[in-house]
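Structure first, commentary second.
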Amino acid sequence: MSRSRELRAESDAHVIKCMGDVDMALVSGEGTRVSDGDGREYVDAISAEWVLNLGFRNPEVKQAIIDQLDTIDYVSPVFESEARTELAKKLAELAPGRLEKVLYALSGAGAVEGAVHLAMRATGGTDFVVLDAAFHGRTFATIGMTYVDPGMVEGSNKGLDRYLPRQMRVPNYYCYRCPLGLERETCDLACADYVDFALQKGHTNGPAGVVVEPYQANGGMVPAPDGYLERVHEICRNHEVPLIVDEVQGAFCRCGPMYASQRTAVEPEMIILGKALGGGLPLSATITTPEYSDLLPWEYGFTQAGNPVACAAAIAMLEVMVRDDLPANSERMGALLTERLREIEKDSKLIGDIRAQGLMIGVELVRDRETKEMACEETDRVMAACLENGLMVGKSGPVFGSNGNVIKFKPAVNVGEDEIAEMADLFAKSLAEVEATL
Ligand SMILES: Cc1ncc(COP(=O)(O)O)c(C=O)c1O
């Protein structure tokens, strides 16, 4: 029996699966290469669930982890820890505006909850504005702030309403499928004005903040249109609530700059960080201004938050990103991959839209470019063909109805030209194979 099959049988017996269930084990990886339990190698175009922004087993991150383990492997949050403080200082140095206080957690959702606590404490309000296709996590608090598609989160908040924070939904900024039926050239960002309406009239206990992803990833790989964050920030300032930018996916050169918000002139009151932050280890954080940094004792916190080994990995990752100017690499390689995808689009029946910021790239597949009917089945087939040809890509969008029709590319941000060419070639081959059968 192959190692993949063996592992499958053992995990079916002992592991509760709650986030998908692919019949394949990943057993080793290096850079953008990953191998399965049967010795097959794949080119990883998604940084292992957009977590390993420097690729598998980056030597400098690995060395920092070893060095930290040689010194001290755990420090309780009640004591001072060198790695924890050094990382907070580094995150603040690199962050926009006056973001200088860091609240650590372990997961993206945990960090969102931290931001929710901080915002409620500072404003006295309880209600948050969130976008209708947003994704902010799967804890009791954050599932209420996340999109609801029966196929994806069936039952997840049924009967759990009593745990959920109050949220006010506003229309998404999805220009390719504008929920308001408008065109970007003439819409004057009408979707942003709903935030104003919600902050004025939508709340029952006082607004506490607006939570928004700068590039909606799970929601369909949709970048906020130019000017959107700026407009929403102005609205937040008028209502004296914080703009909380969820960069769990967008930070650390994923969208180009170190922080995705730095694509804009906006200096938000909070940025939420997760996924890549720990260089592969569990670590997340909210970075905020002094005005939003008060908590009551024991109101929030996790025993393992700011674990020094994860912090050491994060510091090493940030140092590599700065030293090697990976924001510039992400922009350059992202432009290259996007250009190749646009060439592929010319001969494609299925590609309806390509949306890119740095190395955060979505390719939306449709059956008909006029009607924009989602090509969900075809997307599954393209993904399967990619795997068969040795390429790993991801999938999301229009909020995963029938499991989505947007192919995701989010390769390591230190990727080179040859790897980008390889990813594009393998995708072109896989897409052509599926399209030949249509
Ligand atoms: C934008 C965003 N926020 C929050 C989360 C939740 O992160 P985690 O799964 O680590 O709780 C995710 C996860 O995909 C995300 O994409």
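Derivation of every value follows stated rules applied to the coordinates shown; laboratory data play no part. Because the structure is a prediction, the values reported are computed rather than measured. Neighbour counts run over all protein chains shown; Cβ positions are idealised from the backbone, glycine included.
Inter-label distance, VAL22 to ASP418: 2.5 nm, where each label sits 7 Å from its Cα along the C-beta direction. Relative to one another, the C-alpha centroids of the stretch 369-438 and the stretch 223-281 are positioned 27 Å apart. Restricting to bridges with both residues inside the chain, how much of the DSSP beta-bridge set is antiparallel, in percent to the nearest 5? Bridges in the chain are about 65 percent antiparallel. GLU49 label point, 7 Å along Cα→Cβ, cut-off 15 Å on backbone N: hits in the stretch 263-302? It comes to 274-284, nothing else. Once backbone amide H atoms are built at 1.01 Å from N, PHE302 has no partners under 5 Å, excluding neighbours fewer than 5 places away on the same chain. Computed on the chain, with alpha-carbon pairs under 8 angstrom and 6+ residues apart, the relative contact order is 21 percent. Using a simple spin-label model with pseudo-atoms 7 Å out from Cα toward Cβ, ASP67 and LEU438 lie 5.1 nm apart. Arranged from fewest to most other beta-carbon atoms within 10 Å of their beta carbon, SER11, SER348 become SER11, SER348.
Potential lengthening of the chain between GLU185 and ALA265 amounts to 26.7 nm, from the contour at 0.36 nm per residue minus the alpha-carbon distance. Using C-alpha pairs below 8 Å separated by at least 6 residues, the relative contact order for the stretch 72-323 is 30 percent.
On full extension, the segment bounded by ARG342 and ARG5 gains 117.5 nm, given 0.36 nm per residue less the C-alpha separation.
When the pairs LYS275/LYS395; LYS89/LYS410; LYS346/LYS372 are compared against a 24 Å limit on Cα-Cα distance, LYS89/LYS410 fall above it. Across the stretch 226-380, Cα-Cα distances exceeding 29 Å account for 36% of all pairs. Each Lys and Arg contributes +1 and each Asp and Glu -1, all at the Cβ; summed about the Cα centre of the stretch 227-292, the dipole is approximately 320 debye. Among SER293, SER28, the ranking by other beta carbons within 10 Å of each residue's beta carbon, starting with the fewest, stands as SER28, SER293. Where both bridge residues fall in the stretch 72-323, DSSP classifies roughly 45% of the beta bridges as antiparallel. Under the convention that each Lys and Arg Cβ holds +1 and each Asp and Glu Cβ holds -1, the size of the dipole of the chain around its Cα centre is about 660 debye. For the chain, the residue among PHE427, ILE65, MET333 whose Cα projects farthest onto the positive side of the dipole built from Cβ charges is ILE65. Hey, fewest Cβ within 10 Å first, where do GLU370, GLU82 land in order? Lowest count first: GLU370, GLU82. Were the residues from GLU41 through GLU93 laid out at 0.36 nm apart, the gain over their Cα-Cα distance would be 14.9 nm. The phi torsions of the stretch 270-284, fed into the Karplus equation with coefficients 6.51, -1.76 and 1.60 and a -60° offset, translate into couplings of 8, 10, 9, 10, x, 5, 6, 3, x, x, x, 9, x, 7, 8 Hz, rounded to whole numbers, with Gly and Pro shown as x. For the stretch 212-337, the share of DSSP beta bridges that are antiparallel, to the nearest 5, is 60%. Look at the dipole of the chain built from charges on Cβ: of VAL363, PRO214, ALA316, the Cα furthest out on the positive end belongs to PRO214.
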